[in-house]
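The values are calculated or read from the model by the stated rules, or taken from the named source; none is laboratory data. Keep in mind the model is a prediction, meaning the values are calculated, not measured. Don't worry about glycine lacking a Cβ; one is built from the backbone with ideal geometry, like all the others, and counts go over all protein chains shown.
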Amino acid sequence: MTDHHAAPDGPAATGLTRPGTAPGPTGPDAAVRPGLREFIAGLPKAELHVHHVGSASPRIVSELAARHPDSKVPTDPEALVDYFTFTDFAHFVEVYLSVVDLIRTPEDVRLLTYEVARDLARQQVRYAELTVTPYSSTRRGIDERAFMDAIEDARKAAEAEFGTVLRWCFDIPGEAGLTSAEETARLATDDRLRPEGLVSFGLGGPEIGVPRPQFKPYFDRAVAAGLHSVPHAGETTGPETVWDALTELRAERIGHGTSSARDPKLLAHLAEHRIPLEVCPTSNIATRAVRTLDEHPIKDFVRAGVLVTVNSDDPPMFGTDLNNEYAVAARLLDLDEQGVAALARNAVEASFLDPAGKARVLDEIDTYASAWLAG
Ligand SMILES: Nc1ncnc2c1ncn2[C@@H]1O[C@H](CCC(=O)c2cccc(C(=O)O)c2)[C@@H](O)[C@H]1O
Ligand SMILES: [Zn+2]
């Protein structure tokens, strides 16, 4: 096992991948063709599956922990590496909620959102759909109006200052039950609260013991209000959960969908109906949803003609970032620059950006790739 922390161009030195503990090669040492990491670093990209709180970098966590010194979340980056080492998905959620506990005021929400946008902009992310769980914040006492104002204020500032366009996916934390579903649907559909940047409605948290069909009425309400449906499914349970997401929750994209690879009919359905998968390779290893990267089914998805997008999920918690996920995907799919640019185009096409916005980012990708290949 290589020391990932020694990699010069890797993501922040936190996460599961470190000597002696990682279940497989996930991080910055993923062998890719010479020059490909540099190409990826400058490539304009869209990120479709990244969680708001799960994007809190050590820098952001330290700042929040300094505001709230009673928290059990360590602030030292080396200690965070251990803290962000998960035994299974339930342990991941437990740690995730301890970081949620650091976000206590509307100013914390604004700081987190604005700084996450800064980290995305540094990676040449032009457009991101950020999964936000408003229930977790409102139930901890943050005023709902102030919460919406804080994310919107940060969104507008980030677009003006970094040029990164942010949109929101509000997700139900399924394990928290139907009260959380009701609350999330209310916050997403009430015209007086619903933020301008909201485009979609999701479902996150553990899947085991949390059947998807019970959330149908809430997704129906969200879709009727004009939101897109993007539940997590098939991350920690089988392909039947992905079918439920499609048939009951009217999913237009699937978060993860990893277990779809076990059902050829499902793969054919996803390909035929152009339902994209939001693939997050390193996340699947870190939460132990997949044993090793070499066993990751991304290749099966591509072979079946499914529209694959590459995403980072909870990057600092998993010791990765979007650029590294593209490098991992390039290795698993044996891609060159053209292949990587095609992945970046997939994300733009699968996004909920308006047609003019899509054309602009696609054009940027083409211009960048042509200049690189010419030069
Ligand atoms: N890879 C992932 N796959 C799935 N979800 C993921 C992933 N990454 C991040 N998340 C997020 O994890 C949270 C889980 C929160 C949760 O389960 C919960 C349970 C009980 C009470 C409360 C509470 O707040 O009171 C919250 C969600 O917010 C979700 O957005
Ligand atoms: Zn996720």
Q | Pick from region 158-217, criterion farther than 18 Å from residue 241 by Cα and acidic (Asp, Glu), ranking: nearest to ligand 2 (Cβ to nearest atom) | A | 183
Q. Out of 130, 166, 120, which single residue is touching a residue at least 24 places away in the same chain (Cβ under 8 Å), within 15 Å of ligand 1 (Cβ to nearest atom), under 16 Å from the mean Cα position of the chain (by Cα) and closer than 28 Å to residue 365 by Cα?
A. 130
Q) Condition test on residue 133, is it touching a His at 6+ places or on another chain (Cβ under 8 Å) and on the phi < 0 side of the Ramachandran plot? A) yes
**Q.** Qualifying positions in region 118-157 - among the small types (Gly, Ala, Ser) and within 16 Å of ligand 2 (Cβ to nearest atom)
**A.** 128, 136
Q: Among residues belonging to region 59-77 that are part of a helix (DSSP H, G or I) and in contact (Cβ under 8 Å) with a residue 24 or more places away in the chain, point out the one that is farthest from ligand 2 (Cβ to nearest atom).
A: 67
Q: Tell me, please, whether a residue that is within 16 Å of ligand 2 (Cβ to nearest atom) and within 13 Å of residue 254 (Cα to Cα) can be found in region 279-286.
A: yes
(Q) Quick check on my filter: what residues within region 341-375 are part of a helix (DSSP H, G or I), over 15 Å from residue 43 (Cβ atoms) and touching an Asp or Glu at 6+ places or on another chain (Cβ under 9 Å)? (A) 350, 358
Q: For residue 107, indicate whether it is under 23 Å from residue 167 (Cα atoms), loosely packed, with under 14 Cβ neighbours inside 10 Å and not hydrophobic (A, V, I, L, M, F, W, C).
A: yes
Q) Mind checking which residues of region 76-85 are surrounded by 18 or more Cβ atoms within 10 Å (Cβ to Cβ) and either over 22 Å from residue 175 (Cβ atoms) or at pLDDT 95 or above (or both)? A) 80, 81
Q. Any idea which of (1) touching a helix residue (DSSP H, G or I) at 6+ places or on another chain (Cβ under 9 Å); (2) part of a loop (DSSP other than H, G, I, E, B); (3) more than 16 Å from ligand 2 (Cβ to nearest atom) is the one residue 98 doesn't satisfy?
A. (2)
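So which residues in region 222-248 are more than 16 Å from ligand 2 (Cβ to nearest atom), among the small types (Gly, Ala, Ser) and either farther than 30 Å from residue 192 by Cβ or part of a helix (DSSP H, G or I) (or both)?
222, 224, 238
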(Q) Just to be sure I understand the filter: pairs with C-beta atoms under 9 Å, separated by 6 or more residues or on different chains, first member in region 215-236 and over 16 Å from residue 168 (Cβ atoms) and hydroxyl-bearing (Ser, Thr, Tyr), second member within 13 Å of ligand 1 (Cβ to nearest atom) and in a strand (DSSP E or B). Which pairs pass? (A) 218/172; 218/201; 218/203; 236/256
Q) Here are 251, 289, 271: which of them is within 16 Å of ligand 2 (Cβ to nearest atom), at negative phi and without any contact (Cβ under 8 Å) to a residue 60 or more places away in the chain? A) 251
